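This report refers to the structure that appears directly beneath it.
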Amino acid sequence: MENPKKEIPENIKNMLESLSYDVSFLHGKWDFYLGLFADIKNLNLFSKVAPWSFLFIEDSLQKDLTMAIARLCDKPISYNEKNLSLATLVIKCPNIPGVNSKYKEFKDACKTVINARNKKLSHNDLETALNPKENPLLQISKTQVKQILKLANDILNMVSYYHKLGSYDSHLIGVQDAEFLISVLKAGIEKLS
């Protein structure tokens, strides 16, 4: 028997829409990042064209992706300020079956990202900065990011389905932009040769 439609409170609807946008934009940035930097051929191309520029772009995207993922994990309140995060949404939706355990899984998947944010991006942890070999920041793998994005989607869809709002699709068209940029760079090199 199908559940009757649960009227969505305005505050939950607004949070869901805003977080859906944040996660979609995060997916787009991740796809763009992979489109540019996942292929060794692209890295070789960038080193010929403008190595420092692409190093700065890669570094900026890595930091931005880390911060965006970590913000999704923020506590509902930090320093007496309310945060928009998946935790805030989940707390407002206690009757949705499985959403708490899915959030716990999400939070666990984000531990490496949160550690990187706290020790290198939000703060400059003394031991990490001065003794990086003894206190390395764990690398955040593609597999981890893929899992984190999937879990964030799952949470948003659980809330959306519960209120009969339909499926939430998180993909933007970021990879095509990366492919276009690479094709322009290749064409420019050919023209200069």
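Points to keep in mind about this one:
- Computed from backbone phi with θ = phi - 60° and the Karplus coefficients 6.51, -1.76 and 1.60, the 3J(HN,Hα) list for segment 49-59 is 8, 7, x, 5, 4, 6, 5, 5, 5, 4, 4 Hz; x is used for glycine and proline.
- Once both labels are positioned 7 Å from their Cα atoms along Cα-to-Cβ, the gap between LYS75 and GLN176 label points is 4.3 nm.
- Highest average packing first - 142-149, 154-161, 24-31, Cβ atoms within 10 Å: 154-161, 24-31, 142-149
- Helix axis angle, 10-37 relative to the chain longest principal axis, alpha carbon, degrees: 20 degrees
- Nearest-0.05 FRET efficiency for SER53 and LYS142, computed from C-beta distance (R0 22 Å): 0.40
- Crossing angle, helix 142-162 versus the chain [Cα axis fit, 0-90 degrees, rounded to tens]: 30 degrees
- Difference of contour (0.36 nm per residue) and Cα-Cα distance, GLU190 to ASP39: 52.4 nm
- Taking 24 Å as the limit for the C-alpha separation, the pairs LYS63/LYS142; LYS107/LYS150; LYS63/LYS111; LYS120/LYS186 exceed it in the case of LYS120/LYS186.
- Here's how it looks for LYS164: its modeled amide H is under 5 Å from those of LYS6, which are all 5 or more places away or on a different chain.
- Around the amide H of ASN83, modelled in the peptide plane, lie the amide H atoms of ILE77, SER78, all under 5 Å away and 5 or more residues distant in sequence or on another chain.
- Given (1) 25, 20, 16; (2) 28, 20, 16; (3) 35, 23, 13, the label whose value is semi-axes √(5λ) of the Cα gyration tensor in Å derived from this model: (3)
- Here segment 85-111 is scanned for amide nitrogen atoms under 17 Å from the site 7 Å beyond the Cα of GLU127 along Cα-to-Cβ, giving none.
- On Cα atoms only, tilt of 175-192 relative to the major axis of the chain in degrees: 10 degrees
Read-outs throughout are calculated quantities, based only on the coordinates presented, and are distinct from any laboratory measurement. All of these numbers come straight from a predicted model, not from anything done at the bench. Virtual Cβ from ideal backbone geometry, glycine too; neighbours counted across all protein chains shown.
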